[in-house]
Amino acid sequence: MLQTANLSFSYLNSASFHFPNIELQNNEHLLILGESGIGKTTLLHLLAGILTPEKGEIVINDKTITNLNSKKLDIYRGKNIGLVFQNTTVISSLSVYENLEARLYFSKVSSQKKVIDDILQQLDLAEVKNQKPNTLSTGQLQRLGIALGVIHRPKIILADEPTSSLDDKNCDLVIKLLKSQAKKSDANLIIITHDQRIKNSFDNTLVL
């Protein structure tokens, strides 16, 4: 469950944003559409606890994250929020498998071989699990980014422009994978994008 109320944020000597309220029940998903500069990424960073709102509050599974101090927020984010970016952030010196182990470690989740093996199979990465990220194809990197965002079974999955650089076939594939992983984690999925192709994949759409 996710709720926001009266969220606003201002950059120093720059733009100010006021965001509509959001209310999602368990297993509900949301597509947030908007052009560049409208505040999409700012909203995602607020929901992730990366930015602190000027006003308003964010509640995730009955926890008001806007009331947490920075240390508690870091811990909460690591365990409960999954982030998927258009450009996958990985540790280049580690293999695919080791990157997933590291994600669990930083989430304070004990590394479980079965959990890692399962997600590698689900996302068709088992054959490259011992390879370094720089040897992967674009599609494999995209799927690794999804794996890193969901392996710790977060309560909310936030995806920033996950499809905008993909062709139609891979766009559909990524949306199906994100929805599938959200279902397995019993998580809310929120996608922030300007990609109009995925509108029909969501029942809930918010246009900024």
Flag for residue 158 being aliphatic (A, V, I, L, M), within 30 Å of residue 113 (Cβ to Cβ) and touching a Leu at 6+ places or on another chain (Cβ under 6 Å): yes
Which condition does residue 93 not pass, out of (1) part of a loop (DSSP other than H, G, I, E, B); (2) under 22 Å from residue 166 (Cβ atoms); (3) modelled with pLDDT of 90 or more, if it passes all the others? (2)
Taking region 36-69 as the region of interest, how many residues are out of contact with any Ser or Thr (no Cβ under 6 Å at 6 or more places or on another chain), surrounded by 20 or more Cβ atoms within 10 Å (Cβ to Cβ), closer than 18 Å to residue 23 by Cβ and among the β-branched types (Val, Ile, Thr)? 2
Residue list for region 17-27, filter: open to solvent by 70 Å² or more (accessible area, probe 1.4 Å) and either part of a loop (DSSP other than H, G, I, E, B) or not charged (D, E, K, R) (or both): 18, 21, 25, 26, 27
Give me a count of the residues in region 38-79 that are in a loop (DSSP other than H, G, I, E, B) and farther than 22 Å from residue 204 by Cα. 8
Long-range neighbours under 7 Å by Cβ, at least six apart or interchain, first residue farther than 20 Å from residue 204 by Cα and at pLDDT 90 or above within region 9-21, second part of a loop (DSSP other than H, G, I, E, B) and not aromatic (Phe, Trp, Tyr): 9/51; 9/53; 9/54; 10/54; 17/39
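The values are calculated or read from the model by the stated rules, or taken from the named source; none is laboratory data. Given the structure is predicted, the values throughout are model-derived calculations rather than measurements. So basically every Cβ, Gly included, is an ideal-geometry build from the backbone, and we count neighbours across all protein chains shown. Quick note on the areas: whole protein, heavy atoms, side chains included, nothing else; ligands and nucleic acids left out. Shrake-Rupley method; radii C 1.70, N 1.55, O 1.52, S 1.80 Å.
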